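To keep things clear, I will list the structure first and then write my remarks on it.
The values are calculated or read from the model by the stated rules, or taken from the named source; none is laboratory data. Since the model is a prediction, treat every value here as computed from it, not as a measurement. Cβ placement follows ideal geometry from the backbone for every residue including glycine, while neighbour counts extend to all protein chains displayed. Surface accessibility is based on the protein's heavy atoms, side chains included, excluding ligands, DNA and RNA. Shrake-Rupley method; radii C 1.70, N 1.55, O 1.52, S 1.80 Å.
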Amino acid sequence: MSSLASTSHLQLATFALGTVGWILCTVSMGIVEWRVWHVANTTIISSGIAWVGIWKVCFISYLHVSPGYKELFCRKFSGYDSSIPQEIYAAQGLLLIAMFMGLLGLTATIFALRNVYMGITHKTLITRFFLVGGFFYIFAGLCVLIPVSWNFYSVTHNQSIAFPPSYYMPSSPAAQEPGAAIPIGIIAVILLLLSGTFSLSYRFLVTTNTVTKF
């Protein structure tokens, strides 16, 4: 058992990195700060800053622009509004897939590590779980990479969004910058890809003290 467990130290790190990467993926999906817009007209957007996420847009307003919202005003993206750019809707779907794939990767890693540390020397079962987990991690990392890169490109090129009037947002900002969700997403990508690489690198060690099942 100790010899078998000694071969999976890197995969134990895989589980730790994959867990953190999956959590960061979930965090980036939930926060609104994907794009930070700086606007010149502060009549409604009192702070001059608005946050554009993948689920909603928010800003601070000291005007009563909507019932129940006196300071922080948020408007959720409804349906597939043609005025909302495709990278936002793509980010919604891809991050949901990444969260699900990352969870499957963690589950596969847990099963593989359980067999290793319980001394269950079933070579095919352990190896397959690590391989499956690695593919899930890498697929999840790529699903995060696409929306993060796409939105970062849109920010750096100062692309505008034709918001409907009900959003109280200008179509173009005076300037914009990446929000906190983008660097969080980049870290998640790195951790998930590392987890996948480490998981795929597992090699089962056959020792004279164990009976290997194929």
Exercise. Rule-of-thumb check for region 20-116: C-alpha Rg over 2.2 N^0.38 Å?
Worked result: 1.45
For this session: Could you tell me what percent of the accessible area of region 36-165 is made up of carbon and sulfur, with a 1.4 Å probe and every protein chain present?
Result: 67 percent
Seminar exercise, completed: For 138-146, 125-133, ranked highest to lowest by mean beta-carbon neighbours within 10 Å, the order is 138-146, 125-133
